[in-house]
Amino acid sequence: MEPQLGLHELLHVFSFLEARDLLRAAQVDKVWNEVSRTKELWRQLCLRRWSSYKAPQMTLGTQTWKEYYLCRSELEFRMESGRPEKDFICKAIAGHNGGIDELAYISTNECRFDGQEKSVVCTVSSDSTVRAWDVQEGTEIWSSPLQPAALVNLAAYPRLQLVVTVDKQGLIKTWKAENGREWASFSLPTSSSALQACDHPETPFLLVASAEGVMYTLTVPQLQLLSWTSVFPSSPTSLLCSPDSQWVFASTQDSDLGPKVFYTQSLRCVVEDEPPVSSTLPVLLTSRACWAPDETARLMVMHRNSDNMRLAITTYELGTKQSQKVQQIASFLLPDNMMPPHLMKGHGSQVVLLVSGLELVLFTIQGLQLAAFQDHQKPITSMWVDQSRVLTASFDLSLRVYVWNKENKFPVLKSCYHLLGGSHRWASGFTHVESDSMSIVGIEARSIGTSILRSYCFNVQHGSDDCVD
């Protein structure tokens, strides 16, 4: 007699299988098929693959865990393949009467396949309006009234369904994302040089830097002033908030003044007669910086080395508020023949991505070059990095899609395909690119001084077994 496994024993064995093997097991007989469809097996597969806190939120809706796994696997397959019409639909979205300066997703980054999925972006323009767009439908949802001056920047709080804008005169406003109604306003004494949305889970807040080097901390959505501090007097200041909103990096371009890192709680909860908690980094002539997204307080800074002759990237680990310790953990010099990078992003905890002219280059924080790509014909203007892929936009009127492979010690980036824009007769190239779990949106500049949005939506009709790894 052949030994027979009971249902519990079979379920235990199946818990060690990957999705592809589980689908094959389902074809053996009726019992194996029934056990292979067990809810907990597919739930664990989903959690193992997509439970990272940086991954888009899993939303089942009316689906089973198996249906969700198959649909999301198919989505990732289509986003890696990029076959026009078959894998995605491209739409040109027009409406602004001027150039679009900034773009941000306002929809929550959730991955769902129950018919309720929707991607929404907001844009600000020199035509003095802020607008919201349905990416899948390619239609305008709402537009604000004409504002007193051209809008130059925006920040989004998807969890709060809130949009923040600032115009070229320094007037800040908050807007309800669902209907475009104005909520509150705050006027800076000068124009703004930076706007950072800090969506702290307990107390979200807004950081704004002025052209005069002053940093303001405001509540959202009311825009009430919590504190202000002079960071770099009379110098436009850049801001970069850490992934957990506990720290903010402040710098001024190519200055002899060392960049500073502020503990944000000391900006939100001011103690009378005490300055905010901050540290000055021991580097000069800072040009770029980024946070490591998988670490709470790891900062990579690009700067000139001690003799001001070469560019270096130094990585710091920040301590707690009590210790205020800033520890250098790595540093390396960029190659002599590399043009000064104009874009810089972090990935994971060990990788930094740099854009220099036409080239995208990946280094570890110790200086090991992992890859270099020259897929564009004209300079790269924008870069988007998340845990699944990298996108670059260029004046050659294309977006390039790259996908991460994380099976090795260091993640490997695979160059996949181009997404093409409109006609070179009317367009001068892409200036921005952003993405969520199901779509990609770029700002396509027109030669007549206006801009449109171009969206690429990867819709899944059904979960296909053929798309499972």
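The values are calculated or read from the model by the stated rules, or taken from the named source; none is laboratory data. Only a predicted model underlies this, so the values are computations on that prediction, with no experimental measurement involved. When we count neighbours, we look across all protein chains shown, and the Cβ atoms used for this are built from the backbone with ideal geometry, even at glycine. We work out accessible area using only protein heavy atoms, side chains counted, and drop any ligands, DNA or RNA first. Shrake-Rupley method; radii C 1.70, N 1.55, O 1.52, S 1.80 Å.
Put simply, of Phe410, Phe430 the only residue that is hydrophobic (A, V, I, L, M, F, W, C), closer than 27 Å to Met338 by Cα and assigned to a loop (DSSP other than H, G, I, E, B) is Phe410. If you go through the range 105-127 and keep only what is in a strand (DSSP E or B) and open to solvent by 10 Å² or more (accessible area, probe 1.4 Å), you end up with Tyr105, Glu110, Val120. Summed over the range 188-208, residues that are within 21 Å of the chain's Cα centre (by Cα) and part of a strand (DSSP E or B) total 10. How many residues are under 11 Å from Val130 (Cβ atoms), open to solvent by 40 Å² or more (accessible area, probe 1.4 Å), without any contact (Cβ under 8 Å) to a residue 40 or more places away in the chain and assigned to a strand (DSSP E or B) when one looks only at the range 141-166? Counting residues in the range 141-166 that are under 11 Å from Val130 (Cβ atoms), open to solvent by 40 Å² or more (accessible area, probe 1.4 Å), without any contact (Cβ under 8 Å) to a residue 40 or more places away in the chain and assigned to a strand (DSSP E or B) gives 0. Looking at (1) in contact with a helix residue (DSSP H, G or I) (Cβ under 9 Å, 6 or more places away or on another chain); (2) of a type in the set (Asp, Glu); (3) open to solvent by 70 Å² or more (accessible area, probe 1.4 Å); (4) within 26 Å of Tyr456 (Cβ to Cβ), which is the only condition Glu40 fails? Of (1) in contact with a helix residue (DSSP H, G or I) (Cβ under 9 Å, 6 or more places away or on another chain); (2) of a type in the set (Asp, Glu); (3) open to solvent by 70 Å² or more (accessible area, probe 1.4 Å); (4) within 26 Å of Tyr456 (Cβ to Cβ), only one is false for Glu40: (4). Which of the residues belonging to the range 237-283 are within 19 Å of Leu343 (Cα to Cα), among the aromatic types (Phe, Trp, Tyr) and open to solvent by 10 Å² or more (accessible area, probe 1.4 Å)? Hits for the range 237-283: nothing passes. Counting only strands (runs of 3 or more DSSP E) that sit wholly inside the range 275-316, those with at least 2 residues that are touching a residue at least 24 places away in the same chain (Cβ under 8 Å) and of a type outside the set (Gly, Ala, Ser) are 284-291, 298-304. Here Glu444 clears all of (1) modelled with pLDDT of 95 or more; (2) under 18 Å from the mean Cα position of the chain (by Cα) except the condition numbered (2). Scanning the range 235-259 for residues that are in a strand (DSSP E or B), without any contact (Cβ under 8 Å) to a residue 60 or more places away in the chain and within 22 Å of Thr219 (Cα to Cα) yields Ser238, Leu239, Leu240, Cys241, Val248, Phe249, Ala250. Report the residue count in the range 239-277 for those that are in contact with a Ser or Thr (Cβ under 9 Å, 6 or more places away or on another chain) and on the phi > 0 side of the Ramachandran plot. Residues meeting the conditions: 2.
With respect to (1) more than 25 Å from Ser428 (Cα to Cα); (2) in contact with a strand residue (DSSP E or B) (Cβ under 6 Å, 6 or more places away or on another chain), the lone exception for Lys378 is condition (1). Restricting the range 28-37 to residues that are closer than 12 Å to Leu11 by Cα and hydrophobic (A, V, I, L, M, F, W, C), the residue that is most open to solvent (accessible area, probe 1.4 Å) is Trp32.
Of all the listed residues (Gly421, Gly357), the sole one being free of Cβ contacts under 8 Å to residues at least 40 places away in the same chain and on the phi > 0 side of the Ramachandran plot is Gly357.
Of the residues making up the range 369-399, those that are open to solvent by 20 Å² or more (accessible area, probe 1.4 Å), part of a loop (DSSP other than H, G, I, E, B) and in contact with a Phe, Trp or Tyr (Cβ under 8 Å, 6 or more places away or on another chain) are Lys378, Pro379, Gln387, Ser388, Phe395. For the range 88-99, filtered to residues that are under 22 Å from Met383 (Cβ atoms) and not aromatic (Phe, Trp, Tyr), the residue that is most open to solvent (accessible area, probe 1.4 Å) is Cys90. When Arg72, Arg131 are checked against the criterion of being over 23 Å from Ser451 (Cβ atoms) and basic (Lys, Arg), Arg72 stands alone in meeting it. Looking across Glu76, Glu80, Glu102, one residue alone is in contact with a strand residue (DSSP E or B) (Cβ under 9 Å, 6 or more places away or on another chain), touching a residue at least 12 places away in the same chain (Cβ under 8 Å), surrounded by 13 or more Cβ atoms within 10 Å (Cβ to Cβ) and part of a strand (DSSP E or B). It is Glu102.
Against the test of being among the polar types (S, T, N, Q), crowded, with 17+ Cβ neighbours inside 10 Å, at pLDDT below 95 and not in a strand (DSSP E or B), the options Ser437, Ser349 yield a single qualifying residue, Ser437.
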